[in-house]
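Bear in mind that the values in this text are calculations on the coordinates, not laboratory data. Remember, it's a predicted structure, so these values are computed and weren't measured experimentally. Reconstructed Cβ throughout: ideal geometry from the backbone, glycine too, with neighbour counts over all protein chains shown.
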Amino acid sequence: MKRLASVATALLVGLGASSAQAQTPQVVDLPTRPGVTLRMLTIEPASPASVVVLISGGAGQLDIAANGYIRRDRNFLVRSRGLFADRGHAVLVLDVPSDHARPPYLGGDFRASAEHAADLGAVIAWARTHYGKKVWVVGTSRGTHSAATAATQLQGERAPDGIVLTSTILGHSSLGESTAPPLTEMDLTGLKMPVLVVHHEQDPCGVCKPALLPELLKHLPPGTPLHTFNGGQSRGAPCDAFSHHGFNGIEDQVVEDISAFIRSRP
């Protein structure tokens, strides 16, 4: 039987390293479905006020090693994990489940599936029990599909207390492996949990066009706040982690805004 948790050496890189030096990261191989485990990296401040479950975009494969090193940590939320911990959040960074450890990983329509919802529900229930705090799911790019799945398919102790959608998928693309529907085609108006939308005003990714944000808000609960940002540096392909799509250069500002919103909720 696999160990559920093992203390990881602080080998984190990038923006995530700031809290790694102050906290003790752990790697948890969590059973989520029969015969399936999901690996996650956790960072726990001394007295966490809440929990954030960070879900990357793209194919979702981070390749988290047993010692805590993340081989694929370019994604905005993944490289910003230490910034969330610095602000008093317990942080869970999710890798792919063991039955999706090969391409296309979280591609196809898996992010909209009942199996993905079960994985996320197991993570949320574990976090709620382990930390005794409210649990927020924060997704970026394709990770917003995952956040929407958690919000719509889970109930009770397995459901998030709120979700944050950053660089939301707003349109279809003929490129890539994902066939999950854009959030502009999902009816999320009946959600009872708080939702925050965060977007860069110059997001160049073709499936995240800022001009479509008003359409997204029509599909979310009335009064859902939209926080937009500008500035930073845009490098690489339009949907790359270091273009404006990934809030390159303004990570601290964006994380502070998300954190302030979570702190403001009762």
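For the chain, just say rounded, prolate or oblate: build the C-alpha gyration tensor, square-root its eigenvalues into a ≥ b ≥ c, call rounded for a/c under 1.5, and beyond that prolate if a/b exceeds b/c, oblate if not.
Rounded shape, in that the Cα axes give a/c under 1.5.
Per-residue ellipticity at 222 nm computed for the chain from its helices equals -6500 deg cm²/dmol, with DSSP H segments shorter than 4 residues left out and the rest contributing -39,500 (n - 2.57).
With a ≥ b ≥ c the root eigenvalues of the C-alpha gyration tensor of the range 171-257, is it rounded (a/c under 1.5), prolate (a/b larger than b/c) or oblate? Intermediate values should be presented prior to the final figure.
Details: a/c = 2.29, a/b = 1.25, b/c = 1.83.
In terms of gyration-tensor shape, oblate.
Between 85, 237, 66, the GNM of the chain built on Cα springs shorter than 10 angstrom shows 237 fluctuating the most. Placing unit charges on the Cβ atoms of the charged side chains and taking the dipole of the chain about its Cα centre, the candidate lying farthest along the positive direction among 234, 27, 121 is 27.
Simple point charges give the picture: +1 on the Cβ of Lys and Arg, -1 on the Cβ of Asp and Glu, and for the range 5-188 a dipole about the Cα centre of about 360 debye. The distance separating the Cα centre of the range 195-219 from that of the range 105-171 comes to 19 Å.
Using DSSP, restrict attention to beta bridges with both residues in the range 5-188 and report what percent are antiparallel, rounded to the nearest 5.
Values: 16 of 32 bridges.
Close to 50 percent.
In the range 113-164, a dipole from Cβ-located charges (positive for Lys and Arg, negative for Asp and Glu) runs towards its positive end, and of 156, 136, 146 it is 136 whose Cα lies farthest in that direction.
Comparing mean-square fluctuations of 250, 64, 43 from a GNM of the chain with C-alpha springs under 10 Å, the top value falls on 250. Positive end of the dipole of the range 69-148 (Cβ unit charges, origin at the Cα centre): among 84, 108, 94, the Cα lying farthest that way belongs to 84. Averaging the sequence gap over all C-alpha pairs within less than 8 Å and six or more residues apart, then dividing by the number of residues, gives the range 5-188 a relative contact order of 22 percent. Count of lysine pairs in the chain with Cα atoms under 28 Å apart, counting only pairs 8 or more residues apart in sequence or on different chains? The number of close lysine pairs in the chain is 8.
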